[in-house]
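These notes concern the structure reproduced below.
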Amino acid sequence: MLPSVAGPRCTRPFMVGVRCKGSSELFEWFRKRKQPYNENQILNDGLDYAMEFGSNWLQPIQSRLVKLYPKLSDIELDDYNSKCQAAMKTGHDQVYALAEESGKDASFDAFVASYSKSFPWVNDKNLKHIFSQGMYYAWKDMGW
């Protein structure tokens, strides 16, 4: 029998003589960031976690962020959680306000110009994600 590095659900050989880790565990292991940590990368990873749908929606990000950045202290993790949750909420609020003004034709470029003044560290991927989530809620609430 092969030694296991994961739970019973994974039985395909990952390496010779070892059964594979669960896909999410393996993925997190490969994603772990190397030191020195980049502040903008931490914030963008945290914002990405903050915007996750499903069971993690609107949940604190510390337990997920520490898997990528194991050297962060609890105080730092709490600070990143606060910053990322605030960035998400502010972005959604700004998109919603744009949608109320402009309807379905709310401009992504107008959102980016306004939002980036307060959160210049947010990358393109997260800008698009915040905008699409905000528009989703606007469309849903406004019955478009």
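Every number in this text was worked out from the coordinates using simple rules, so none of it is lab data. In this text the structure is predicted, and so the values were computed from the model without any measurement. Note that we place each Cβ from the backbone using ideal geometry, even for glycine, and neighbour counts take in every protein chain shown.
Going by average Cβ density within 10 Å per residue, which order do the peptides 109-116, 46-53 take, highest to lowest?
For the peptides 109-116, 46-53, the packing ranking is 46-53, 109-116.
So if R0 is 22 Å, what FRET efficiency would Ser118 and Phe53 give, r being the distance between their Cβ atoms, rounded to the nearest 0.05? Write out the running numbers ahead of the final one.
Values: r = 24 Å, r/R0 = 1.09.
After rounding, the FRET efficiency stands at 0.40.
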Simple spin-label estimate for Glu101 and Glu76 in nanometres, 7 Å along Cα-Cβ: 3.8
Over all pairs of distinct alpha carbons, what does the Kirkwood formula give as the hydrodynamic radius of the stretch 34-142, in Å? 14.4
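So if R0 is 25 Å, what FRET efficiency would Ala86 and Tyr136 give, r being the distance between their Cβ atoms, rounded to the nearest 0.05? Present the calculation step by step, with values, prior to reporting the outcome.
Numbers: r = 20 Å, r/R0 = 0.79.
So the FRET efficiency works out to roughly 0.80.
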Members of Lys104/Lys128; Lys67/Lys140; Lys104/Lys140; Lys67/Lys125; Lys89/Lys128 lying beyond 23 Å, as alpha-carbon distances in this model show: Lys67/Lys140
